[in-house]
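The values are calculated or read from the model by the stated rules, or taken from the named source; none is laboratory data. As the structure is a prediction and not an experimental result, all values here were calculated from the model. Glycine gets a Cβ as well: all are built from the backbone with ideal geometry, and neighbour counts include every protein chain shown. Calculation scope for accessible area: heavy atoms of the full protein, side chains included, ligands and nucleic acids excluded. Shrake-Rupley method; radii C 1.70, N 1.55, O 1.52, S 1.80 Å.
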Amino acid sequence: MTLSAKDKAAVKGFMAKMKSRSEEIGTETLSRMLVVYPQTKSYFAHWKDLSPGSGPVKEHGIIFINGVYEAAEKIDDLKNGLLTLSELHAFMLRVDPVNFKIFIHCMLVVLSMLFPEDFTPQVHLAVDKFLAQVALALSEKYR
Amino acid sequence: MVEWTDFERSTIESIFSKMDYEDVGPAALCRCLVVYPWTQRYFGNFGNLYNAAAIMSNKMVAQHGITVLHGMDRAVKNMDNIKATYAELSVLHSEKLHVDPDNFKLLGDILTIVVAARMGTDFTAEVQAAFQKFLAIVISSLGRQYH
């Protein structure tokens with residue numbers, strides 16, 4: 001399921017639109033994931049406040065979304081481009097890769113909510129493919 | 001036995017009573033066929049599905065989307081016994097339609113995304129959790145009679 005030139009263009013085009021609401025997207029995605037999939041809270045037990053829109057959630061939401069933008073810049077070689085991030089997730093954070101899919105689903109829901117007109121089926125397809133490739137690249141160093 | 005909170009019950013009833021089936025049904029099925037093209041295998045006799053534009057203007061797909069969505073009405077009306085309510089539909093999907101049950105989850109995810117687009121910020125995390133719980137039970141019940 002490699003990204004075609006059309007997919008890459010669709011992703012880059014949509015990311016440009018996302019930039020105007022980055023903080024909202026990041027916060028909402030993370031908040032939502034913690035509520036809808038409570039098992040994901042296990043990775044953030046050290047935070048003071050896990051409630052939607054709290055300080056740590058907002059801060060971290062931005063970190064997540066910036067990671068997605070960084071991946072988009074390296075869309076032509078995600079495996080090598082995300083090696084450091086993969087090492088982080090594999091050796092330090094040790095996030096079970098099943099959670100990447102959960103995070104992606106929450107992100108797609110938020111994008112659909114915030115951009116009902118722009119998040120067309122074709123854009124949805126391209127972004128889903130892209131995020132799946134990002135998840136794969138992040139899993140690279142796991143074993 | 002599934003336990004529903006008052007919030008979950010009223011949320012599900014509210015979502016479906018406010019839903020425009022003629023809009024959401026076609027949108028969900030079309031999006032599923034575009035985003036997960038392998039699901040097209042079940043619609044061999046639906047005519048032209050060659051590209052996104054063809055899928056989105058295909059009248060048979062639109063009509064079937066409405067049918068599928070109305071199929072969920074039974075679950076909404078029988079939230080305390082979805083498993084029994086869907087026994088017959090489960091046999092249909094297994095014995096006659098031969099649908100891989102993994103596809104139910106795909107359509108469920110797409111439906112969540114379409115409903116989110118229609119509801120905007122009203123589709124809060126709590127509403128999403130309730131909706132996904134409902135869909136998970138529908139999906140499990142539909143897969144029950146497979147063997």
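Rounding to the nearest 20 debye, state how big the charge dipole of the stretch A:1-140 is about its Cα centre with +1 on each Lys and Arg Cβ and -1 on each Asp and Glu Cβ. Magnitude of the dipole: close to 120 debye.
Dipole of chain B computed with +1 at Lys/Arg Cβ and -1 at Asp/Glu Cβ about the Cα centre; of B:His147, B:Ala129, B:Ser17, farthest Cα towards the positive end is B:His147. Among B:Ala125, B:Ala136, B:Ala84, the largest mean-square fluctuation in a Gaussian network model of chain B, built with springs joining Cα atoms closer than 10 Å, belongs to B:Ala125. The relative contact order of chain A, computed from alpha carbon pairs under 8 Å that lie at least 6 residues apart in sequence, is 35 percent. Entry note, chain B: relative contact order of 32 percent, from Cα contacts under 8 Å with a spacing of 6+ residues. Dipole check for the protein assembly as shown: with +1 at the C-beta of Lys and Arg, -1 at the C-beta of Asp and Glu, and the Cα centre as origin, the magnitude is about 480 Debye. Kirkwood analysis of the stretch A:1-121, using all unique Cα-Cα pairs, places the hydrodynamic radius at 15.3 Å. The share of C-alpha pairs in chain B whose separation exceeds 27 Å stands at 20 percent. Placing one equal scatterer on every Cα of the stretch B:108-147 and applying the Debye formula, the log10 ratio I(q)/I(0) at q = 0.13, 0.20, 0.26, 0.32 Å⁻¹ is -0.31, -0.60, -0.84, -1.06. Taking every alpha-carbon pair in the stretch A:70-143 and binning the separations at 5 Å intervals from zero gives 3, 16, 24, 23, 18, 10, 5, 1, 0 percent.
Among the DSSP helices (H) of chain A, those spanning at least 27 angstrom by Cα along their long axis with an average Kyte-Doolittle hydropathy of -1.0 or more are A:55-73; this is a geometric and hydropathy rule only.
Among the residues of A:52-61, the average count of other protein chain beta-carbon atoms within 10 Å of the residue beta-carbon is 0. For B:Ala87 and B:Glu13, the FRET efficiency from 1/(1 + (r/R0)^6), where r spans their Cβ atoms and R0 equals 25 Å, is about 0.65. From the P(r) of the protein assembly as shown, could you give the percentage of C-alpha pairs in the tail past 36 Å? Counting pairs separated by more than 36 Å, the tail of P(r) holds 17 percent. Its convex hull of Cα atoms gives the stretch B:68-121 a direction-averaged projected area, equal to a quarter of the hull surface, of 4.4 nm². Which whole-angstrom value gives the distance between the alpha carbon centres of the stretch A:17-44 and the stretch B:82-114? Between the Cα centres of the stretch A:17-44 and the stretch B:82-114 lies a distance of 29 Å. Placing unit charges on the Cβ atoms only, positive for Lys and Arg and negative for Asp and Glu, gives the stretch B:58-147 a dipole magnitude near 160 debye about its Cα centre. Within the listed set B:Gly65, B:Gly108, B:Gly47, the residue fluctuating most in the Gaussian network model of chain B (springs between alpha-carbon atoms under 10 angstrom) is B:Gly47. Counting only protein chain heavy atoms and rolling a 1.4 Å probe, the accessible areas of A:His124, A:His46 rank, largest first, as A:His46, A:His124.
Test of understanding: in a Gaussian network model of chain A with alpha carbons linked when under 10 Å, which of A:Ser42, A:Ser54, A:Ser31 would top the mean-square fluctuation ranking? Answer for the Gaussian network model of chain A: A:Ser42.
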